[in-house]
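Derivation of every value follows stated rules applied to the coordinates shown; laboratory data play no part. Quantities reported herein were computed from a predicted structural model and do not represent experimental measurements. As a convention, Cβ positions derive from the backbone with ideal geometry for all residues, glycine included, and neighbour counts pool all protein chains shown.
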Amino acid sequence: MARKTKLESRKTRHHSLRKRITGTTERPRLVVFRSARHIYAQIVDDLAGKTLVAAGDLGKKKAASADEGNKTERAKKVGAELAKLCIAKGISKVVFDRAGYKYHGRVSAVAAGAREGGLQF
């Protein structure tokens, strides 16, 4: 029997978490995606099936330049930028979805930045 890769294990954990975590209109889901070099976060309303707000350290809506600071510092800036965009749209409470990643390092930095920016979860 073949052993699961890290990606397959993470996806299994994410599916397990998604059974319990659902974003609603009143309390949407804050989901984090972490690649080797960059980090992205978005606010999703699962009932409507829409992404309400998104931020990342790469792309059109940059929260932090890809060259500023280390990856953890950039992740915290992404969380703060996401919180700022949410507050502007009238979203103050969210459900945190770590997407199968450990709540450590960059994932917890996004959460800390979002909390400092005014989001409650």
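A dipole drawn for the chain from +1 and -1 charges on Cβ atoms has a positive end, and of Ala2, Val31, Phe121 the residue lying farthest that way is Ala2.
Counting Lys and Arg as +1 and Asp and Glu as -1 over every other residue whose Cβ lies under 9 Å from the Cβ of Val32, the net charge comes to +2. Applying both filters, DSSP loop and at most 16 other Cβ atoms within 10 Å, to the GluC sites (Glu not before Pro) of the range 1-108 gives Glu26, Glu68.
Among the trypsin sites (Lys or Arg not before Pro) in the range 1-45, those placed in a DSSP loop whose Cβ has at most 13 other Cβ atoms within 10 Å are Arg3, Lys4, Lys19, Arg20, Arg37.
State whether the chain is rounded, prolate or oblate according to the following rule on the C-alpha gyration tensor (a ≥ b ≥ c being the square roots of its eigenvalues): a/c under 1.5 gives rounded; otherwise a/b larger than b/c gives prolate, and the remaining case gives oblate.
On the way: a/c = 1.97, a/b = 1.15, b/c = 1.72.
Oblate is the answer for the chain, as a/c is 1.5 or above yet b/c matches or exceeds a/b.
With a threshold of 18 Å on the Cα-Cα distance, the over-threshold entries among Lys50/Lys89; Lys11/Lys93; Lys19/Lys89 are Lys11/Lys93; Lys19/Lys89.
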